[in-house]
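Reading through the structure tokens given below for one structure.
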Amino acid sequence: MKVLVTGASGQLAHAIRQTWSGHDLVLPEEAVLDLSQQAAIQAVVSKTRPDVVVNCGAFTQVDRCESEADLAHLINATAVGWLAEACEAQQAMLIQISTDYVFDGTGTRPYREDDPTNPVSVYGRTKLEGERQAARCSRHLIARTSWLYDAWGKNFLNTMLAAAAQGRALRVVDDQRGAPTTCRALARQLKVATEQGWQGLVHTTCAGETTWHGFAKAIFEAKGIAADLHPCTTADYPTPAQRPAYSVLDGTRRRSLGSDLMSHWHEALLEVLKEGTTDEHR
Ligand SMILES: NC(=O)c1ccc[n+]([C@@H]2O[C@H](COP(=O)([O-])OP(=O)(O)OC[C@H]3O[C@@H](n4cnc5c(N)ncnc54)[C@H](OP(=O)(O)O)[C@@H]3O)[C@@H](O)[C@H]2O)c1
């Protein structure tokens with residue numbers, strides 16, 4: 001299949017480049033495929049004539065979205081509509097990556113696909129509108145994921161390792177629960193989902209759950225690093241954007257579709273650490 005991937009400089013696109021063997025991948029740089037430009041989207045999609053478009057591009061800086069709401073809406077919502085139109089014209093499938101932040105986090109059991117959404121941040125609201133826009137393409141898959149990271153990229157794992165290497169004391173929130181998910185696990189699952197023709201909305205995170213503090217503790221334990229790590233509350237660490245306190249996603253629908261490749265988050269972490277992180281590759 002010919003697969004066009006947006007957001008080529010991001011961590012999920014990087015993982016797709018590494019894992020989608022056997023397909024003809026096209027990953028234009030942002031200078032060529034700028035999601036803020038409808039003409040660029042139309043031109044690249046019509047020239048590439050892809051079977052599948054994976055939209056990995058997004059305005060992902062959750063706090064910055066609060067002060068740059070117009071840009072967040074343009075990239076996370078309006079551009080997805082333009083992609084949906086361009087895909088429809090080519091009869092291509094659109095895979096849209098969405099987020100656990102479409103929920104408000106007041107739930108007490110893992111969220112199912114049909115649970116009511118109620119985002120509490122600009123990022124979450126724009127990503128939810130992005131889901132609606134993606135659904136305008138007749139052939140679409142909307143994969144909600146959470147707490148993405150991998151060996152490569154700007155993410156929580158590399159931030160924690162860099163901070164510990166500097167000997168900094170770390171206070172990490174222990175009252176937000178979710179599922180850390182590796183980009184490579186998500187990329188492998190998306191590949192199989194595409195090959196098997198999954199459609200609609202599907203929750204696609206690693207299994208299990210933890211807090212950000214629990215995630216940090218697991219990273220340092222696995223690496224044998226005696227970090228100066230302390231739990232704190234969300235109230236101790238105010239941020240411009242509100243985040244859901246509980247955003248674990250239920251994977252029942254995904255498992256019912258067959259070929260579930262999403263391992264437990266701790267097993268996925270060990271897989272990443274075994275291969276080394278960004279800094280160790282330099
Ligand atoms: N990261 C998470 O924890 C997480 C959790 C749930 C869902 N998601 C979703 O998963 C998807 C992939 O996220 P990720 O973690 O791979 O994020 P990422 O590393 O930030 O990648 C997103 C990429 O999109 C690019 N981008 C921004 N504006 C663009 C534009 N106008 N045109 C083209 N590209 C543009 C960014 O470039 P710049 O860096 O140069 O701006 C960045 O390289 C996104 O849809 C995100 O919303 C992420």
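Got the relative contact order for the chain handy, in percent, Cα pairs under 8 Å and 6 or more residues apart? Don't jump to the answer; show the numbers that get you there.
On the way: 570 pairs, mean separation 58.5, N = 282.
Here the relative contact order equals 21 percent.
Size of the dipole of the stretch 198-282 about the Cα centre, Lys and Arg at +1 and Asp and Glu at -1 on the beta carbon, nothing else charged, in debye to 20?
Working: 8 positive and 11 negative charges, 55 e Å.
It comes to approximately 260 debye.
Accessible surface of residue 262 in the full protein assembly, 1.4 angstrom probe, to the nearest 10 Å²?
Around 10 Å² of this residue is reachable by solvent.
Using the alpha-carbon atoms, what tilt in degrees (0 to 90, nearest 10) does helix 156-165 show relative to the longest principal axis of the chain?
In the chain, helix 156-165 runs at an angle near 40 degrees to the longest axis.
Give me the three principal axis extents of the stretch 105-216 from the C-alpha atoms, as integers in angstrom, largest value leading.
52, 32, 25
Compute the separation of the alpha-carbon centres of the stretch 201-234 and the stretch 52-72 and state it in Å as a whole number.
24
With a 1.4 Å probe and all protein chains in place, put 99, 19 in order of accessible area, largest first.
19, 99
Report residue 228's accessible area, 1.4 Å probe, all protein chains in place, as a number in Å² to the nearest 10.
For residue 228, solvent-accessible area is about 70 Å².
Based only on Cα atoms, what Rg/Rh ratio does the chain have, Rh being taken as Kirkwood's radius?
0.95
Against the longest principal axis of the chain, how steep is helix 212-223, in degrees 0 to 90 to the nearest 10, with axes from Cα atoms?
Once rounded, one gets 80 degrees.
Picking from 20, 151, 272, whose Cα lies most toward the positive end of the charge dipole for the chain (charges on Cβ: Lys, Arg +1; Asp, Glu -1)?
Checked the options; the winner is 20.
What fraction of the DSSP beta bridges in the chain is antiparallel, stated in percent and rounded to the nearest 5?
The antiparallel fraction comes to roughly 5 percent.
Percent of accessible area on the chain owned by carbon and sulfur, 1.4 Å probe?
Carbon and sulfur atoms account for 49 percent of the accessible area of the chain.
Suppose the chain between residue 171 and residue 32 were pulled fully straight at 0.36 nm per residue; how much longer would it get relative to their current alpha carbon spacing?
Working it through step by step, the gained length comes to 46.0 nm.
How big is the stretch 69-159 by the Kirkwood estimate over distinct Cα pairs, in Å?
14.2
For the pairs 154/191; 127/223; 191/223, flag any whose C-alpha to C-alpha distance is greater than 26 Å.
127/223; 191/223
The values are calculated or read from the model by the stated rules, or taken from the named source; none is laboratory data. Treat the numbers as computed from the prediction; the structure is a model and nothing was measured. Every residue, glycine among them, receives a Cβ derived from its backbone with ideal geometry; neighbour counts consider all protein chains shown. For accessibility, only protein heavy atoms count, side chains too; no ligands or nucleic acids. Shrake-Rupley method; radii C 1.70, N 1.55, O 1.52, S 1.80 Å.
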